[in-house]
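**Q** My questions will all concern the structure given below.
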Amino acid sequence: YPFINILPVGKYPSTKWTRFTNKVYLSVQVDKRTGRLIIISVIDNLFKGQASQAIQCLNIMSGFDEMLALPIHSFYP
């Protein structure tokens with residue numbers, strides 16, 4: 001999936017990595033004290049949360065490439 005990035009265990013995502021993109025970054029960590037799995041995700045809520053999600057769904061429903069007209073690269077270097 002072009003908009004999903006899974007990070008290595010112990011590397012935590014930053015919201016600035018997703019600024020002005022349709023990407024989501026996921027990370028996992030195990031809490032050794034409680035034995036629970038912690039999942040961390042970051043998105044740009046103005047893009048992935050609303051507008052870009054609608055465009056991505058429209059692209060899929062219309063038979064276009066799902067990445068059409070959606071930003072992939074962040075402005076953060």
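The values are calculated or read from the model by the stated rules, or taken from the named source; none is laboratory data. What you are looking at is a predicted structure, and each value in this text was computed from that prediction instead of being measured. Protein only, heavy atoms only, side chains kept; ligands, DNA and RNA dropped before computing areas. Shrake-Rupley method; radii C 1.70, N 1.55, O 1.52, S 1.80 Å.
**Q** Normalising by the residue count of the chain, find the relative contact order in percent from Cα pairs under 8 Å and 6+ residues apart.
**A** Numbers: 126 pairs, mean separation 23.6, N = 77.
Once divided by the residue count of the chain, the mean separation gives 31 percent.
**Q** Under 10 Å, Cα contacts only: if you run a Gaussian network model on the chain, which one of Ser27, Ser62, Ser41 comes out with the highest mean-square fluctuation?
**A** Comparing Ser27, Ser62, Ser41 in the GNM, the peak value goes to Ser62.
**Q** Let me ask another. Measure off, as a whole percent, the carbon and sulfur share of the 1.4 Å-probe accessible area of the chain, all protein chains present.
**A** 62 percent
**Q** Counting helices only, and only those DSSP H runs with n ≥ 4, report the 222 nm mean residue ellipticity of the chain as the sum of -39,500 (n - 2.57) divided by its residues, in deg cm²/dmol to the nearest 500.
**A** Working: 1 runs with 11 residues, N = 77.
Value at 222 nm, helices only, nearest 500: -4500 deg cm²/dmol.
**Q** Just the accessible area for Asp44, please: 1.4 Å probe, Å², rounded to the nearest 10?
**A** 20 Å²
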